[in-house]
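The values are calculated or read from the model by the stated rules, or taken from the named source; none is laboratory data. Bear in mind that the values here come from a model prediction, so they are computed numbers and not experimental data. FYI the Cβ positions are ideal-geometry reconstructions off the backbone, even for glycines, and counts take in every protein chain you see.
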Amino acid sequence: MRKQTEVDFVCNQADRRYYIQCALSLPTREKTLQEERPLMNINDNFKKIIVVKDNIKPWMTEEGISVIGIQEFLLNKDSLLI
């Protein structure tokens, strides 16, 4: 039986795939874990990203998931590479 995972967006670009989770903010470790959980249930090595409303410096979680602000995500043509 396949495990069902709910992720906000899955984007395909040629041979690449991006999993994108959206959150208003990540004020606590618990909230970060809540948003990471669906991404961590995906068993492949494609890029996983959490996009937040806040204008933040992009960073990486302990699990290797990119966290980026919506403005950076939308306006920086290289944001999927961060």
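Number of residues in segment 61-72 that are of a type outside the set (Ser, Thr, Tyr), farther than 15 Å from Pro27 by Cα and buried (at least 19 other Cβ atoms within 10 Å of the Cβ) equals 1. What residue, among those in segment 11-38 that are surrounded by 12 or more Cβ atoms within 10 Å (Cβ to Cβ) and in contact with a Phe, Trp or Tyr (Cβ under 9 Å, 6 or more places away or on another chain), is farthest from Ser79 (Cα to Cα)? Across segment 11-38, the extreme among qualifying residues is Pro38. Check segment 24-41 and report whether any residue there is touching a helix residue (DSSP H, G or I) at 6+ places or on another chain (Cβ under 8 Å), at pLDDT 95 or above and at negative phi. Yes, segment 24-41 contains at least one residue that is touching a helix residue (DSSP H, G or I) at 6+ places or on another chain (Cβ under 8 Å), at pLDDT 95 or above and at negative phi. Residues that are touching a residue at least 24 places away in the same chain (Cβ under 8 Å), touching a Gly at 6+ places or on another chain (Cβ under 8 Å) and assigned to a loop (DSSP other than H, G, I, E, B) within segment 35-62 comprise Lys53, Asp54, Pro58, listed in sequence order.
Is it the case, given these coordinates, that Arg17 is in contact with a strand residue (DSSP E or B) (Cβ under 7 Å, 6 or more places away or on another chain) and either of a type outside the set (Asp, Glu) or on the phi > 0 side of the Ramachandran plot (or both)? Yes. Within segment 39-60, track down each residue that is surrounded by 12 or more Cβ atoms within 10 Å (Cβ to Cβ) and closer than 17 Å to Cys11 by Cβ. Correct list: Leu39, Ile42, Phe46, Lys47, Lys48, Ile49, Ile50, Val51. The lone criterion from (1) basic (Lys, Arg); (2) in contact with a Leu (Cβ under 6 Å, 6 or more places away or on another chain); (3) closer than 20 Å to Lys77 by Cβ left unmet by Lys53 is number (3). Scanning segment 63-72 for residues being in a strand (DSSP E or B) and either over 23 Å from Asn12 (Cα atoms) or among the hydrophobic types (A, V, I, L, M, F, W, C) (or both) gives a total of 2.
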